[in-house]
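First up is the structure itself, then whatever we jot down about it.
The numbers here are math on the coordinates, done by the rules we state, and not lab data. Everything numeric in this text was worked out from a predicted model, so none of it was measured. A quick note on method: Cβ atoms are made from the backbone with ideal geometry, for glycine too, and the neighbour counts reach across all protein chains shown.
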Amino acid sequence: MELLSASAAGDHDAFAALVARHQASAFRFALTLTATRELAEDVLQQAMLAAWRAAATFRGDASVRSWILTIVRNTAYHDRLRRHREPLDERSLDDLGLEAGWGVPTQERALIEREQREALARALARLPDEERAVIVLRDFEGLAGDDAASVLHLSLPALKSRLHRARLRLAAEVRREMTHVAR
């Protein structure tokens with residue numbers, strides 16, 4: 001909160017520290033909403049610029065992290081309207097992990113994990129945007145229910161209902177994927 005207040009007063013160093021603190025989470029969320037690394041980077045840059053400009057308007061109704069994620073969400077949705085939907089990045093999560101330097105597991109285990117991650121990624125990609133967003137915020141980013149509801153402009157009961165439905169739909173999609181992979 002102090003960093004945001006200082007940013008609102010024009011402190012560039014405070015804003016850089018604020019960005020450093022929330023950048024990874026905001027990027028992961030942008031990547032989920034845009035589905036390509038390049039678009040996520042563009043959305044993140046636009047969102048952080050919007051956050052800088054809007055720092056003085058922060059009311060403190062939610063956490064700073066939720067506020068930034070809301071800006072990322074809005075930026076991604078507006079960007080999608082402008083671009084229409086572009087093709088998904090088809091690289092597997094395993095390949096991206098290796099590129100990021102996350103060790104090299106054994107061949108058999110790596111193959112199984114890769115298939116599971118690819119099945120999860122395909123299943124997640126088939127969910128409607130709203131359901132995918134609620135799963136990412138609650139289950140991947142670990143946001144509290146109130147914060148996730150704030151980011152998505154939902155009431156807490158609506159968020160819980162949507163999350164339950166999204167988890168069930170995701171489980172069904174993963175099951176279909178794994179059945180398809182096993183054949």
Please work out the Kirkwood hydrodynamic radius for region 93-182, using every pair of different C-alpha atoms, and report it in angstroms with one decimal place.
14.4
The size of the Cβ-based charge dipole (Lys, Arg +1; Asp, Glu -1) of the chain about the Cα centre, to the nearest 20 debye, is 740
Given only helices, namely DSSP H runs of n ≥ 4 each adding -39500 (n - 2.57), what is the per-residue ellipticity at 222 nm of the chain, to the nearest 500 deg cm²/dmol?
-24500 deg cm²/dmol
Subtracting the Cα-Cα distance from 0.36 nm times the residue separation, let me have the gained length for H78 to S92 in nm, one decimal.
2.4 nm
For region 3-46 and region 106-129, what is the centre-to-centre distance using only Cα atoms, to the nearest Å?
27
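L120 to A17: extension gain in nm, 0.36 nm per residue of separation minus the Cα-Cα distance?
Numbers: separation 103, 0.36 × 103 = 37.08 nm, distance 3.37 nm.
Stretched fully, the L120-A17 segment lengthens by 33.7 nm.
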Dipole of the chain (Lys/Arg Cβ +1, Asp/Glu Cβ -1, origin at the Cα centre): which of M1, H180, I112 lies farthest to the positive side?
H180
If unit charges are put on Cβ atoms (+1 for Lys and Arg, -1 for Asp and Glu) and the dipole of the chain is taken about its Cα centre, the option from S63, A144, H164 lying farthest towards the positive end turns out to be H164
Bounding extents of region 22-167 in its principal axis frame from Cα atoms, largest first in Å, are 52, 32, 29
How far apart, in nm, are two points set 7 Å out from the Cα along the Cα-to-Cβ line at A9 and at R167?
4.4
Where labels lie 7 Å past Cα in the beta-carbon direction, separation of Q107 and E41 in nm
3.4
Please give the direction-averaged projected area of the C-alpha convex hull for region 1-70, in square nanometres with one decimal.
4.2
Explain nothing, just compute: Karplus ³J(HN,Hα) = 6.51 cos²θ - 1.76 cosθ + 1.60, θ = phi - 60°, for every residue of region 37-54 in order, whole Hz, x for Gly and Pro.
4, 5, 5, 4, 5, 4, 4, 4, 4, 5, 5, 5, 5, 5, 5, 4, 5, 9
